[in-house]
Every structure is written in structure tokens, then in C-alpha cells.
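Working notes, beginning with the structure itself.
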Amino acid sequence: MKAKLTEEDVINWWLEKYHDTNLDKVKEEHPEWAKDPEKHTRDFYAAYMVTEEQHDEWKEWLITTLMKQLRQSRRYIERGLWSVYLNTSPSVLPNSGMKHKQIAE
């Protein structure tokens, strides 16, 4: 049986894929963030933002992974995803999807 997916695993997925780092490296680089994570949450998410496309790719990976691991339907996973999403989702760069929206108009 595979180990269960943790919040750290979910965050590390997008950190490694889009920023070539992980939470352990971030904590080493910013020890003050590790000491008081609640105080530095905004700093962390501002430093490691992703584009809208990257966010969507991450979210699809998360849903698919949870469906496989929990052997549940997409609808079931999406209904309960909000709590995991709030704690693990990357911040999206402002206007990262504007090129697509401007072309469509």
C-alpha cells in the first residue's frame, strides 16, 4: 500500500516542478519562516507564485492523484477539495492569464 499523500507532498509537487526547490530547502534558506510560519505565510506565497496555467496543471494533478489514492470519483474529490486547496495551493501571478483573455476578446 502506498503512503498517504500529505500536505507537504502537495506543496512540494508544485515547488519542485515550477521553482526547483522544496519545503526543506525553503526552510534552510529562510529560517525565520520556519520559526514562525504563520507570520511569514504571505512572504512564502509571494516568493513562489505560479502562472494560471501552472496552477491549473497542479490542481488537475492533485485531483487525479487523490482519485487514484482514495478510489473515489472526480465529483467526490472536487466536493471535498476546498480544505486541502486552502492549505496547499500556490498563489497565481496577477494577470498571468491575460494574454489568452485579450486574444479571445
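The values are calculated or read from the model by the stated rules, or taken from the named source; none is laboratory data. If you're wondering where the values come from, they're calculated on a predicted model, not measured in any experiment. Glycine also receives a Cβ, built like all others from the backbone with ideal geometry; neighbour counts cover every protein chain displayed.
Pairing each residue of the stretch 9-30 that is charged (D, E, K, R) with any residue that is in a helix (DSSP H, G or I), provided the two are 6+ apart or on different chains, yields C-beta distances under 6 Å for Lys27/Ala34.
Quick test for you: out of Leu70, Leu62, pick the one residue that is of a type outside the set (S, T, N, Q) and touching a residue at least 24 places away in the same chain (Cβ under 8 Å).
Working: Leu70 fails: touching a residue at least 24 places away in the same chain (Cβ under 8 Å).
Selected residue: Leu62, the only one of Leu70, Leu62 that is of a type outside the set (S, T, N, Q) and touching a residue at least 24 places away in the same chain (Cβ under 8 Å).
Got at least one residue in the stretch 8-21 being in contact with a His (Cβ under 8 Å, 6 or more places away or on another chain), at negative phi and charged (D, E, K, R)? Checked against the condition, which is being in contact with a His (Cβ under 8 Å, 6 or more places away or on another chain), at negative phi and charged (D, E, K, R), the stretch 8-21 yields no hits at all. Might you let me know whether the stretch 86-103 holds any residue that is of a type in the set (Ser, Thr, Tyr), modelled with pLDDT under 95, closer than 19 Å to Val10 by Cβ and in contact with an Asp or Glu (Cβ under 8 Å, 6 or more places away or on another chain)? Among the residues of the stretch 86-103, at least one is of a type in the set (Ser, Thr, Tyr), modelled with pLDDT under 95, closer than 19 Å to Val10 by Cβ and in contact with an Asp or Glu (Cβ under 8 Å, 6 or more places away or on another chain), which makes the answer yes. Look at the stretch 31-44: where a residue is of a type in the set (Val, Ile, Thr) and a partner is surrounded by 11 or more Cβ atoms within 10 Å (Cβ to Cβ) and part of a helix (DSSP H, G or I), sitting 6+ places away or on another chain with Cβ atoms under 9 Å, you get Thr41/Trp33. Val84 passes every criterion in (1) touching a residue at least 60 places away in the same chain (Cβ under 8 Å); (2) in a loop (DSSP other than H, G, I, E, B) apart from (2).
The lone criterion from (1) touching a residue at least 40 places away in the same chain (Cβ under 8 Å); (2) farther than 21 Å from Pro94 by Cβ left unmet by Tyr48 is number (2). If I filter the stretch 58-68 for residues that are of a type in the set (Ser, Thr, Tyr), part of a helix (DSSP H, G or I) and at pLDDT 95 or above, do I get at least one hit? Scanning the stretch 58-68, I find at least one residue that is of a type in the set (Ser, Thr, Tyr), part of a helix (DSSP H, G or I) and at pLDDT 95 or above, so the answer is yes. Only residues that are over 22 Å from Trp82 (Cβ atoms), under 15 Å from the mean Cα position of the chain (by Cα) and surrounded by 14 or more Cβ atoms within 10 Å (Cβ to Cβ) were counted in the stretch 27-50, giving 1.
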